[in-house]
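**Student:** The structure that follows is given in the form of structure tokens.
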Amino acid sequence: MKRIAIYTLTSELHDEQAVSAVTNEFLSSLPIDYDFRGCDFSDYGSHPLSLIFVRTGGTEGIFLRLLSSLNSKLTTHSKQSSPFYLLASGKSNSLAASMEILSYLQQNGLQGEILHGAPEYITRRIRLLAQVEEARMKLRGSRLGIVGAPSDWLISSQANKEVVKERLGIELIDIPMQELLDTIAATPLDSTLCPMPECCDPDLCASLPNGIRKSLSGAHQIYKALKTLISNHQLQGFTLRCFDLLSAVHNTGCLALARLNAEGIVAGCEGDVPAMLSMSISQALTGVSGFQANPARINPETGEILFAHCTIPLNMVERYEFDTHFESGIGVGIRGYMKEGPVTIFKVSGDLTRCFVEEGELVKNQAQPDLCRTQQIIRLSDPSKAHYFLTHPIGNHHIIVNGHHKALLQAVIGTAAQSSLLDS
């Protein structure tokens, strides 16, 4: 099945032969791959993106008669909040009818958009929407675990479970910290020098300081225990109250999270639920969870921000080193070096009413001893956006993703939250 389906609305007053000629001319101007469904709406909503081509005027009543059925089909495919996308050509009063339909939808609390303009613009917009809707389909029905609870210092990093389920289709699952600790205790400890040769260089492990080298087996034990929890609860991701591990097992979850994120499982730190949701959205769109980090220093005049944290997905970096966890000086932390170049900084609030999305450049990786191990200096494309962090931030953790993805992230959150992007 193709990603895009095109359905049609046509007034009986218009000559079908003439309308078909216009249809062929219009659709051939759009270099996209699609299923042409015509006036057969029986599978409406089953594709990631469904477009309704309003071919002529006088089709408003036809759409109104179909609306209840179309909404029902969207519900069947778990796409209750999906907008109606109306294709409009510049002929046969297509645009006028589309405007009347969109106005009706908005009067009745439904979302929609008219795709109209130059073929190049329409094509770009369709491709973006297809990617966005495909990502939203990936999110629907996913289960994300909260292992433990948000760390005590994350006083603003909660989430509204009902809103998250309704608007993103994500179910948040509470998992007691004791369940993880019991699973760790029941997981055999691998005593080999390098328990994870598939993800690192055994020679690197052999050259590590004795304390870090001894911690590797325990870090791998935590990784295997988390994999067990993921399987038992059928999770697509989780956030971990990781600092509890410092006292409970004298180790950290940094290496486990770095590996799991690289394997496609969203794995967040400190029980930060909004950060986990942001990582899940990022992964659905780009295939990478993103680097969860907090600003350590900001220059509000130049827009340069130093971000740091002790873990980063291993598939985001060109190389990495093992160190201790910064705050505690124990366990295994990750110092990752990401390729310099374009990045996007992203964070969504736990009630999905606010988000921050801004593009920038990673200008330098550094390795100062007085900060969390992975350290990135990022310069925002718009330096004035740095004031957001000092005036109305969404918590401290933000997600950093390779590449520029502002339009995609705005589209996902703008649709899901049904609100303006207050901070982007």
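Coordinate-derived values only; no laboratory data. Since the structure is predicted, the reported quantities are computational estimates derived from the model, not experimental observations. Please note: Cβ atoms are built from the backbone with ideal geometry, for glycine as well, and neighbour counts cover all protein chains shown.
**Student:** Can you tell me the 0 to 90 degree angle between the C-alpha axis of helix 16-28 and the longest principal axis of the chain, rounded to 10?
**Tutor:** 30
**Student:** If you don't mind, another one. With just the Cα atoms defining each centre, how far is region 34-67 from region 68-132? Give it in Å.
**Tutor:** 9
**Student:** Here is a further query. Rounded to the nearest 500 deg cm²/dmol, what is the calculated helix-only ellipticity per residue at 222 nm for the chain, with -39500 (n - 2.57) per DSSP H run of length n ≥ 4?
**Tutor:** -11500 deg cm²/dmol
**Student:** If contacts are Cα pairs under 8 angstrom and at least 6 residues apart, what is the relative contact order of the chain in percent?
**Tutor:** Once divided by the residue count of the chain, the mean separation gives 13 percent.
**Student:** If N is the number of residues in region 4-139, what value comes out of its Cα radius of gyration divided by 2.2 N^0.38 Å?
**Tutor:** Normalised by 2.2 N^0.38 Å, the Cα Rg of region 4-139 equals 0.98.
**Student:** With 10 Å bins from zero, work out the P(r) of region 225-304 over every alpha carbon pair and list the percent per bin.
**Tutor:** For region 225-304, the binned pair fractions read 17, 45, 27, 9, 2 percent.
**Student:** So, one more: Short version: what are the Cα gyration tensor semi-axes of the chain, square root of 5 times each eigenvalue, largest first, in whole Å? Each step should come with its number before you reach the end.
**Tutor:** Values: eigenvalues 432, 99, 70 Å².
One finds semi-axes of 47, 22, 19 Å for the chain.
**Student:** What does DSSP give for the chain in terms of the percent of beta bridges that are antiparallel, rounded to the nearest 5?
**Tutor:** Percent antiparallel among DSSP bridges in the chain is about 55.
**Student:** Please give the charge dipole size of the chain, origin at the Cα centre, charges +1 on K and R Cβ atoms and -1 on D and E Cβ atoms. Round to the nearest 20 debye.
**Tutor:** On the way: 35 positive and 43 negative charges, 37 e Å.
Dipole of the chain, to the nearest 20 debye: 180 debye.
**Student:** Assuming 1.306 mPa s and 10 °C, estimate D for region 268-424 with Stokes-Einstein, Rh taken as the Kirkwood radius over Cα pairs, in µm²/s. Show your work: numbers first, answer last.
**Tutor:** On the way: Rh = 15.5 Å.
Calculated translational D: 102 µm²/s.
**Student:** Between Ser156 and Lys339, what is the spin-label point distance in nm, taking each point 7 Å from the Cα along the Cα→C-beta axis?
**Tutor:** Spacing of the two 7 Å Cα→Cβ label points: 3.4 nm.
**Student:** Taking the simple approach of a point 7 Å from Cα along Cα-to-Cβ for both Ser381 and Thr228, what is their distance in nm?
**Tutor:** If labels sit at Ser381 and Thr228, their model points lie 4.6 nm apart.
**Student:** Around Gly287, with a cut-off of 13 angstrom between Cβ atoms, what is the net charge of the other residues, counting Lys and Arg +1 and Asp and Glu -1? Each step should come with its number before you reach the end.
**Tutor:** On the way: positive: Lys138; negative: Glu134, Glu263.
With Lys, Arg at +1 and Asp, Glu at -1, the neighbours total -1.
**Student:** Right, something else. Express in nm, to one decimal, how much length is gained between Ala367 and Leu110 on full extension, taking 0.36 nm for each residue of separation and deducting their alpha carbon distance.
**Tutor:** Numbers: separation 257, 0.36 × 257 = 92.52 nm, distance 5.01 nm.
Roughly 87.5 nm would be gained on extension.
**Student:** Further question on the same structure: Round to a whole angstrom and tell me the spacing of the C-alpha centers of region 346-367 and region 4-29.
**Tutor:** So the separation of the two Cα centres works out to 43 Å.
**Student:** Name the residue from Thr56, Tyr85, Ile101 whose Cα lies farthest towards the positive end of the charge dipole of region 1-118, charges +1 on Cβ of Lys and Arg and -1 on Cβ of Asp and Glu.
**Tutor:** Toward the positive end, the furthest listed residue is Tyr85.
**Student:** Also, I was wondering about something else. In whole Hz, what ³J(HN,Hα) sequence does region 355-370 give by Karplus (6.51, -1.76, 1.60; θ = phi - 60°), x for Gly and Pro?
**Tutor:** Each residue's phi maps through the Karplus curve to give 8, 10, 9, 8, 9, x, 10, 6, 9, 6, 9, 9, 9, 7, x, 9 Hz.
**Student:** Quickly rank 15-22, 42-49, 280-287 as a protection proxy: mean count of other C-beta atoms within 10 Å, highest first.
**Tutor:** On the way: 15-22: 12.4, 42-49: 18.8, 280-287: 22.2.
Peptide ranking by packing, descending: 280-287, 42-49, 15-22.
**Student:** Follow-up question, since we're still on this one. How charged is the neighbourhood of Leu409? Take every other residue with its Cβ under 11 Å from the Cβ of Leu409, and add Lys/Arg as +1 and Asp/Glu as -1. Don't skip to the end; give the middle numbers.
**Tutor:** Numbers: positive: Lys347, Lys406; negative: Glu358, Glu359.
Net of charged neighbours comes to 0.
**Student:** Size of the dipole of region 1-136 about the Cα centre, Lys and Arg at +1 and Asp and Glu at -1 on the beta carbon, nothing else charged, in debye to 20?
**Tutor:** On the way: 12 positive and 14 negative charges, 82 e Å.
Its charge dipole is roughly 400 debye.
**Student:** Let me ask you something else. Work through the residues other than Leu181 whose Cβ is under 13 Å from its Cβ and net out their charges, Lys, Arg +1 and Asp, Glu -1.
**Tutor:** Working: positive: Arg241; negative: Glu179, Asp182, Asp244.
That sum, taken over residues with Cβ under 13 Å, equals -2.
**Student:** Let me check against my output: what whole-number percent is the relative contact order of region 1-139, with C-alpha pairs under 8 Å and at least 6 apart?
**Tutor:** Value for region 1-139: 28 percent.
**Student:** Given points 7 Å out from each Cα along the Cα-Cβ axis, report the Glu12 to Thr123 separation in nanometres with one decimal.
**Tutor:** Inter-label distance under the simple model: 3.8 nm.
**Student:** Using only Cα atoms, tell me the angle between helix 210-233 and the longest principal axis of the chain; keep it within 0 to 90° and round to the nearest 10.
**Tutor:** 40
**Student:** So how tilted is helix 94-107 from the main axis of the chain? Cα-based, degrees 0 to 90, rounded to 10.
**Tutor:** For 94-107 against the chain, the angle is about 60 degrees.
**Student:** What ranking do 307-316, 245-254, 156-165 get when scored by the average of other Cβ atoms within 10 Å per residue, highest first? Walk me through the numbers on the way to the answer.
**Tutor:** On the way: 307-316: 24.3, 245-254: 21.2, 156-165: 17.1.
Ranked by mean Cβ neighbours within 10 Å, highest first: 307-316, 245-254, 156-165.
**Student:** Just the C-alpha atoms of region 13-83: what Rg/Rh do they give, with Rh taken as the Kirkwood radius?
**Tutor:** Numbers: Rg = 13.5 Å, Rh = 13.7 Å.
Checking Rg against Rh, the ratio lands at 0.98.
**Student:** Sort 3-14, 97-108 by packing, meaning the average of other beta carbons within 10 Å per residue, with the highest value first.
**Tutor:** On the way: 3-14: 18.7, 97-108: 16.7.
Listed from highest to lowest mean packing, they are 3-14, 97-108.
**Student:** OK, next. Rank the residues Met338, Met279 as a footprinting-exposure proxy: fewest other Cβ atoms within 10 Å of their Cβ go first. It would help to have the intermediate numbers written out before the result.
**Tutor:** Numbers: Met338 20, Met279 30.
The fewest-first ordering by Cβ neighbours comes to Met338, Met279.
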